[in-house]
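Written below as structure tokens is the structure these notes are about.
The values are calculated or read from the model by the stated rules, or taken from the named source; none is laboratory data. No experiment lies behind these values; they were computed from the predicted model shown. Here the Cβ is made from the backbone with ideal geometry for all residues, glycine too, and neighbour counts use every protein chain on show.
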Amino acid sequence: MNKFTGFTLIEVLIAMLVLAVGLLGMAGLQATSLKNNQSAYNRSQATQLAYDLADRIRANVAGIATYTTIGPGAAVAKANCLNTTGCTIADMAENDLYEWNIAVTGTLPSGAGTIAAAAGVYTITINWDDNRDGSVNSSDPNFQTSFQL
């Protein structure tokens, strides 16, 4: 009696099925990894942007009222603040808010920032659409930092 050794068609198909399931799992892991990597990048950018505005406020303490009364979305560019002369304290604060708002909306998906003041404590909050569902809601993260002058 001859004994045949080797793989049968059924064994090869089962091996391919096991390999396919493993590769699908790896593809899912890769997709999750990319999503979490993008989320971490957005959080890092929000942190950097919040500290950028805090530094701008610290550099222009005399214009603190302008930073807290004009919302970042309502600020307009001040062309005379691009050089060293002709820029008032309030204009510099408004120009800072304008540039910061452009950076937030340009860097983060549906990014928006706010500044609040209470009892000498200034709070910068940045929200963005992290899950990319089209709206910024409670399921999306935000970054908040507070400081005193």
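Just a few scattered comments:
- In the stretch 64-82 there is no residue matching the filter, namely being surrounded by 19 or more Cβ atoms within 10 Å (Cβ to Cβ), touching a residue at least 60 places away in the same chain (Cβ under 8 Å) and either farther than 16 Å from Gly113 by Cβ or among the β-branched types (Val, Ile, Thr) (or both).
- Within the set Asp96, Asp91, Asp140, the sole residue that is touching a strand residue (DSSP E or B) at 6+ places or on another chain (Cβ under 8 Å) and of a type in the set (Asp, Glu) turns out to be Asp140.
- Check on Leu19, on the phi < 0 side of the Ramachandran plot, among the aliphatic types (A, V, I, L, M) and at pLDDT below 95: no
- Contact map, the stretch 1-24: residues that are of a type in the set (Gly, Ala, Ser) paired with residues that are modelled with pLDDT of 90 or more and assigned to a helix (DSSP H, G or I), Cβ distance under 6 Å, separation 6+ or inter-chain. No pairs are found.
- When the stretch 112-147 is filtered for residues that are more than 19 Å from Ile70 (Cβ to Cβ), touching a residue at least 60 places away in the same chain (Cβ under 8 Å) and touching a Pro at 6+ places or on another chain (Cβ under 8 Å), the ones remaining, listed by number, are Trp128, Asp130.
- Search result, residues across the stretch 116-134 that are assigned to a strand (DSSP E or B) and closer than 19 Å to Ser44 by Cα: Thr123, Ile124, Thr125, Ile126, Asn127
- Selection within the stretch 112-139 - farther than 19 Å from Arg56 by Cα and surrounded by 18 or more Cβ atoms within 10 Å (Cβ to Cβ): Asn127, Trp128, Asp129, Asp130, Val136
- Within the stretch 98-111, being touching a residue at least 40 places away in the same chain (Cβ under 8 Å), surrounded by fewer than 20 Cβ atoms within 10 Å (Cβ to Cβ) and either within 9 Å of the chain's Cα centre (by Cα) or not in a helix (DSSP H, G or I) (or both) holds for Thr107, Pro109.
- Taking the stretch 27-64 as the range and being among the polar types (S, T, N, Q) and in contact with a helix residue (DSSP H, G or I) (Cβ under 7 Å, 6 or more places away or on another chain) as the test, the residues that pass are Gln45, Asn60.
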